[in-house]
1. Does any residue of the stretch 189-212 turn out to be buried (at least 19 other Cβ atoms within 10 Å of the Cβ) and among the small types (Gly, Ala, Ser)?
2. Residues in the stretch 68-77: is at least one touching an Asp or Glu at 6+ places or on another chain (Cβ under 8 Å), touching a residue at least 24 places away in the same chain (Cβ under 8 Å) and crowded, with 21+ Cβ neighbours inside 10 Å?
3. Being free of Cβ contacts under 8 Å to residues at least 60 places away in the same chain and at positive phi is the filter here, so list the residues in the stretch 146-198 that pass it.
4. Do we find a residue being within 19 Å of residue 133 (Cβ to Cβ) and at pLDDT 90 or above anywhere in the stretch 188-204?
5. Being outside any helix (DSSP H, G or I), buried (at least 18 other Cβ atoms within 10 Å of the Cβ) and under 18 Å from the mean Cα position of the chain (by Cα) narrows it down to one residue among 226, 164, 148; which is it?
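The values are calculated or read from the model by the stated rules, or taken from the named source; none is laboratory data. Keep in mind the model is a prediction, meaning the values are calculated, not measured. Please note: Cβ atoms are built from the backbone with ideal geometry, for glycine as well, and neighbour counts cover all protein chains shown.
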Amino acid sequence: MKRVSILLAEDDPNLGQLLKNYLSVKEYDTALVTDGAQALKLYRKEKFNLCLFDVMMPEMDGFTLAREIRAIDPHIPIIFLTAKNLKHDVIEGFKSGADDYLTKPFSMEELVYRIEAILRRSSKREDEAPRDQYTIGEFTFDVAKQLLTFKEQSQKLTTKESELLELLCRNRNQVLERNFALKSIWIDDNYFNARSMDVYITKLRKYLSKDRKVEILNIHGKGYKLLC
């Protein structure tokens, strides 16, 4: 099997080499550069499966780099590694095209988990691309109108309910990672947002209970799975 190729841009040489060595042990082919301009130049020459970018780098910062790379390939997974954890920085990161966002210091084990989760999602991205409408058992879900319809009866969803149901639909019969859902919809995966998401999951279960073949499962320690 072909090994996953990672482009790592980190201006701290010690951390960069540590990450490169650890990822190599985990059997990821990792190319290390120390600034955004080098990363963009290398990306244009070689093929990568995932990008790990520090935010504060010389020549070109991580946010700008991500936007440049997204213009080349809108689907390449990108994870930011940064010491910046203010809410507006996190929002800026996702606007720049991030799939995930890790604040320093972080554990190597968590980084590998995030990489594996994103690669699983990206491997089925073509089949699970966003659509305007989904069929969920006997339900029809109109994303634009935020309407869930069952046998002529329609339920108007809130924006958060609609966004969460769309993520579940895009990952139907697969695990929707809890942290990914939180960061995609709430931006921040803190305790209060996690409790809020649990409330919305409960509401969606209630709406979908009219069709006994449709179910949202809790997958312990991971997230949720929509079965239909």
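1. Taking every residue of the stretch 189-212 in turn, none turns out to be buried (at least 19 other Cβ atoms within 10 Å of the Cβ) and among the small types (Gly, Ala, Ser).
2. Applying the first criterion (touching an Asp or Glu at 6+ places or on another chain (Cβ under 8 Å)) to the stretch 68-77 yields 77.
Still in the list and also touching a residue at least 24 places away in the same chain (Cβ under 8 Å): 77.
Keeping just the survivors that are crowded, with 21+ Cβ neighbours inside 10 Å gives 77.
Yes, some residue in the stretch 68-77 is touching an Asp or Glu at 6+ places or on another chain (Cβ under 8 Å), touching a residue at least 24 places away in the same chain (Cβ under 8 Å) and crowded, with 21+ Cβ neighbours inside 10 Å.
3. Scanning the stretch 146-198 gives 146, 151, 152, 173.
4. In the first step, residues of the stretch 188-204 are kept if they are within 19 Å of residue 133 (Cβ to Cβ); the result is 204.
Restricting the remaining residues to those that are at pLDDT 90 or above gives 204.
Within the stretch 188-204, one or more residues are within 19 Å of residue 133 (Cβ to Cβ) and at pLDDT 90 or above.
5. Values: 164 fails: outside any helix (DSSP H, G or I); 148 fails: under 18 Å from the mean Cα position of the chain (by Cα).
On inspection, the qualifying residue turns out to be 226.
Residues checked against (1) among the aromatic types (Phe, Trp, Tyr); (2) part of a helix (DSSP H, G or I); (3) more than 30 Å from residue 24 (Cβ to Cβ):
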{"site": "113", "(1), (2), (3)": "yes, yes, no"}
{"site": "155", "(1), (2), (3)": "no, no, yes"}
{"site": "168", "(1), (2), (3)": "no, yes, yes"}
{"site": "205", "(1), (2), (3)": "no, yes, yes"}
{"site": "217", "(1), (2), (3)": "no, no, yes"}
